[in-house]
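Below is one structure, written out as structure tokens; comments come after it.
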Ligand code: ADP
Ligand code: GN1
Ligand code: MG
């Protein structure tokens, strides 16, 4: 029995689930929430599985606002899949009601918990193994963009302000370097210099948004590849998960995060930096999958697809490094210097993406032309 299995059973009792609790275990992928899977025996003898998740309140300062957003998004997707897509067969994410009629329960110490259906027959990948997986994941996130595009923007609240505001993330890192609260700055000089040399690119997408060139849309904002559940047998993408950061944002940060997490054959926290690489076929599959699913992209979005991966890899590198310098207060860590290792991997990836930028640019141009996305490209 796991240490807090009793606790999971207690939490599970708060939700409208039929059957007897059998067991529960922690799911350890994901850097933010505490996630558990629990099995229940049904009256007909079958076993049903459920996800119980405690929202990380250090990251989400207003967990009930997160819950409201997630309720909106899951309900809207369910409606749209049934009534617009006319698809009755696929799995979608659903919240279970709790005691008192809400879609969350309050646990010990005031934590906010929710319960989702377990997406069956699927797995998530931390490292993409082949171009089919890359295509499928990007297609799923592109389709997700289409599913949420008609949620009224005023119904979705910004749960983490300036989440993908790269210049603000950069400015915060500079402040932390000055304060050096844990005396760790000296050991990260090379990384700090690398980031400073790239200050010129951090505002690019935000500036284009402010100039009205890039449209603000409702986006997922955390499109790392392990946030798509894939069918274990066919690798078909079944369901996009981790909806806590669905907020108004830029499609390019979504596409960029797919690039960040799919092109390299190395783990996000790989310590052997020689393993970090840029696999062009993965990038090509991502661009094809995303553009196949999402036909609303404007010229300026398409023109920046090749740039987006580099920017968000730099942004996440900045965030990991900031967290390392602040003493690991945001991302879950599992070893000493974990966030520093993660930051180094991101920065190495930035370098790799820079080397391949011309290749990516010309691929996107060819793809856009072939699909007559827009005729203005030379
Ligand atoms: P975090 O914000 O911590 O990343 P996620 O919502 O992504 O939390 O969940 C963490 C992991 O739990 C996922 O990578 C996935 O493996 C698993 N998981 C989450 N929701 C489900 C679900 N509904 N069905 C099956 N597995 C899930
Ligand atoms: C976090 O929740 P998870 O593990 O899918 C983070 C993302 C980062 C990612 C880096 C709310 O994502 O922004 O890109 O780690 N989520 C939040 O792996 O900060
Ligand atoms: Mg996740």
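The values are calculated or read from the model by the stated rules, or taken from the named source; none is laboratory data. Predicted, not measured: the structure shown is a model, and the values here were computed from it. Every residue, glycine among them, receives a Cβ derived from its backbone with ideal geometry; neighbour counts consider all protein chains shown.
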Exercise. Residue check, residue 199 against (1) modelled with pLDDT of 95 or more; (2) in contact with a helix residue (DSSP H, G or I) (Cβ under 6 Å, 6 or more places away or on another chain), all met but one. Which one?
Worked result: (2)
Exercise. How do the pairs read when you match residues in the stretch 210-232 that are without any contact (Cβ under 8 Å) to a residue 40 or more places away in the chain with residues anywhere that are within 10 Å of ligand 3 (Cβ to nearest atom) and assigned to a loop (DSSP other than H, G, I, E, B), using Cβ under 8 Å and keeping only pairs 6 or more apart or on different chains?
Worked result: 222/242; 222/244; 222/245
For this session: Kindly establish whether residue 49 is away from ligand 2 (no atom under 16 Å from the Cβ), outside the structural domain of residue 225 (by TED's automatic domain parsing), closer than 30 Å to residue 267 by Cα and at pLDDT 95 or above.
Result: yes
Exercise. With 354, 315, 361 as the choices, which residue is within 18 Å of residue 285 (Cβ to Cβ), in contact (Cβ under 8 Å) with a residue 40 or more places away in the chain and assigned to a helix (DSSP H, G or I)?
Worked result: 361
Problem set entry | Residue satisfying all of: in the stretch 46-63; over 15 Å from residue 98 (Cα atoms) and within 10 Å of ligand 1 (Cβ to nearest atom); surrounded by the most Cβ atoms within 10 Å (Cβ to Cβ) among these | 55
Problem set entry | Residue satisfying all of: in the stretch 83-133; farther than 22 Å from residue 285 by Cβ and within 16 Å of ligand 2 (Cβ to nearest atom); farthest from the chain's Cα centre (by Cα) among these | 112
